[in-house]
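Participant: Just passing along the structure, written as C-alpha cells.
The values are calculated or read from the model by the stated rules, or taken from the named source; none is laboratory data. Source: prediction; values computed, not measured. As a convention, Cβ positions derive from the backbone with ideal geometry for all residues, glycine included, and neighbour counts pool all protein chains shown. Accessible surface areas use protein heavy atoms only, side chains included; no ligands, DNA or RNA. Shrake-Rupley method; radii C 1.70, N 1.55, O 1.52, S 1.80 Å.
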Amino acid sequence: MDFPPCLSFQQFPRLCATREALLAKECCPRWEGDGSACGARSGRGFCQDVQVEDQPHGPQYPFSGLDDREKWPLVFYNRTCQCAGNFMGFSCGDCRFGYFGVNCNERRESLRRNVFHLTRAERIRLVSYLNLAKQTLSRDYVVATGTYREMENGSNPMFADASVYDIFVWMHYYVSRSALLGGPGNVWTNVDFAHWAPAFLPWHRVYLLHWEHEIRKLTGDMGFSIPYWDWRDAQGCDVCTDELMGGRNPQDPNLLSPGSVFSSWKVLCSRAQEYDNRGVLCDAKEEGPLRRNPGNHNHDLVEQLPTSAEVEFTLSLTNYDTGPVDRSANMSFRNTLEGFGDPRTGLGNSSRRGMHAALHVFMNGSMTSVQGSANDPIFLLHHAFVDSIYEQWLRRHRPSPSQFPDSNAPIGHNGGYHMVPFLPLHRNREYFISSKDLGYEYSYLLDASKLSESIHPYLEELQGVWPFLLLSALLGGVVAVAIAAAILTGTRRYKKLPWLHVRKWKHLFALPERQPLIWSSDKEETGHPNYQTVM
C-alpha cells in the first residue's frame, strides 16, 4: 500500500540528519506548502535560536557535557523551527494537538475508549493499523545509531532506517538509555530523561499524542484514537487474545500465539545490558521475536495487578511530587502512579512495584525492560490508561503550575527542560494541563457515558443485520394476520356447533396455579447477569 509522505514531529527528520545540517547545527526544513524554511513566507513559523533553561538539576546525574541529551537539543542543533499559532511540526507543516484543517483552525476533541468497548470492526482496524505501522518504513525519520562524538561532531552521520512503529520504540529506548561515559562498560545507569521523576507523565502524554497523530497520517483515518486497557482488578492479561494483542503460544509460553499477527514481529533496542557492556547505542537491528509470559513473573516483586482501591488511594494524594522528586519521593502522586511508591501507604522506594510498573513486571517479557518495553503493542493501551489516571488527578486537584518543579529535579525533568528527543521542542510543564486543552478525552471520564459506551458496539453490530430482522418481522406479521383471519373465519362458520363451545371443554384442561410466572428467588436473581453486572 502506497501512502503520501507524512509531516510530523519525531527525531530525527531525514532532512536534518545530513552532514550539512549537523555541521550547521540547524534543523529548519522547508515547508512544502510554500518552499520556505519553517513556512516563514506563510507565517507558519521561523528558524530561530534554541533557548534552553539554565536551572540546576538534581544530584542523581553528577556529570556535564558527556551525554548528547544534556540541554536538549543543543548537542545536535542550536537552531530549529519555532512555529506560530496553531502550527506545529519539524517544518511547521502540521497542526498543534487538537487542531485540524489546512489552516489548523478547526478545533476537534477526539475520544479514547475502552478497548473492550470497540466493535469487532474497530478491533480489526486497530490491529491492522499497528501492523501497518510496523511494516511501513518511515519516509521522514531515521534513528541515531551513534553518539555525536562517534559521528565526529557531525562530519560522519550515523543513522538508520526504521518503520513508523519502530521510530517510537527507538525513542523510548533513547530517552531511557544509560549515559555512555566512554569505553566498554563505562556507563551511568542512574539517569532517565522520561522516568523516575516529574516528567514521567507529561513525557508519555506527548509520546502517545505523537504516536496517535502518526497513525492518522499513515492511514488517513483522522478519527483514530488510541484505546485504553482498564486493568483495575483484572485477574490476568485480558487483552492477550488473538483478536487483540495476541494470545499465548501453546508450544512456548514465552512467545505469542501463531494466530496473532504480532507473533511475527521482531523487536529492537531490547538488550540494554549488552549495549552497556559494549558502551554503544542500539543499532536498530532486529533482535528476535516479541516475548510475553503474563502472570509468570516474580511474585515477590508484584503480588497482583493494581486494584481499584490502589488507584483511588493514588488519586487521593494531593501533591504531584515531593522531596527529591525521584523514586524515593513519599506521598507523591507521580511516584506512586509510576510504581515506586507503595499504593497503600504512599511511601517511596517500595520493595514491591505497584501501579504502572506492576503491569510491566506482570507481562514478563519485552515489556519488562524499560528501554525495550515499547516493542509490545500492549504498551500503548497500558499507557493510555495511565494517562487517564493522570487526567483524573489533574481534574480533581487542579494543581497550580508551580507544583511542577522549576529546578533541582533529576536531569531532564525540570519544568522548562525540552523533552528528549522531540522536534519540534516541548517543555515538560506545557503538558501539566488537562487533556481537554490538548484535544482529547477519555470515555469513562465523561458524565453519563458508561451506558452509551457499553451498548455502542452492539448497536453497530446490529446495523449489519437490521434488514434481516426487519424482513423477519414483516413476514411474521403477515403469517400472524393470516392465522388470525383463518381463526376468525372458522369461528364464524362453526359457531353454531355446540360441541365446539369452549365452556364445555376448558374444565378438562384446567390446572391449579401453583407458581407465579415471574421468578423472584435470590438464587435466580444472582445466578444470571443483570444490566449492572454486564456493564
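Participant: Here are some pairs, Lys217/Lys266; Lys217/Lys285; Lys25/Lys71; Lys134/Lys285; which of them have Cα atoms lying more than 18 Å apart in this structure? Before the final figure, lay out each step's value.
Facilitator: Values: Lys217/Lys266 23 Å; Lys217/Lys285 25 Å; Lys25/Lys71 14 Å; Lys134/Lys285 14 Å.
Beyond 18 Å between Cα atoms: Lys217/Lys266; Lys217/Lys285.
Participant: OK, next. Please give the solvent-accessible surface of Glu32 in Å², to the nearest 10, using a probe radius of 1.4 Å with every protein chain present.
Facilitator: Counting only protein heavy atoms, the figure is 150 Å².
Participant: R0 = 25 Å: FRET efficiency of Phe116 with Asp252, Cβ-based, nearest 0.05?
Facilitator: Computed FRET efficiency for Phe116 and Asp252: 0.40.
Participant: Further question: Please report how far the C-alpha centroid of segment 50-98 lies from that of segment 218-258, rounded to the nearest whole angstrom.
Facilitator: Taking the Cα centre of segment 218-258 as reference, the centre of segment 50-98 is 34 Å away.
Participant: Rg and Dmax of segment 240-307, using alpha carbons, in Å: what are they?
Facilitator: Radius of gyration, then largest Cα-Cα span, for segment 240-307: 14.8, 41 Å.
Participant: Based on alpha-carbon centroids, what's the gap between segment 297-315 and segment 356-390 in Å, whole number please?
Facilitator: 14 Å
Participant: Mind ordering 360-372, 179-191 by average Cβ neighbours within 10 Å, highest first?
Facilitator: Highest-to-lowest ranking by the protection proxy: 360-372, 179-191.
Participant: Continuing with the same structure: About the Cα centre of segment 34-101, what is the dipole size in debye to 20, counting +1 per Lys and Arg Cβ and -1 per Asp and Glu Cβ, all else neutral?
Facilitator: Numbers: 6 positive and 8 negative charges, 57 e Å.
Dipole of segment 34-101, to the nearest 20 debye: 280 debye.
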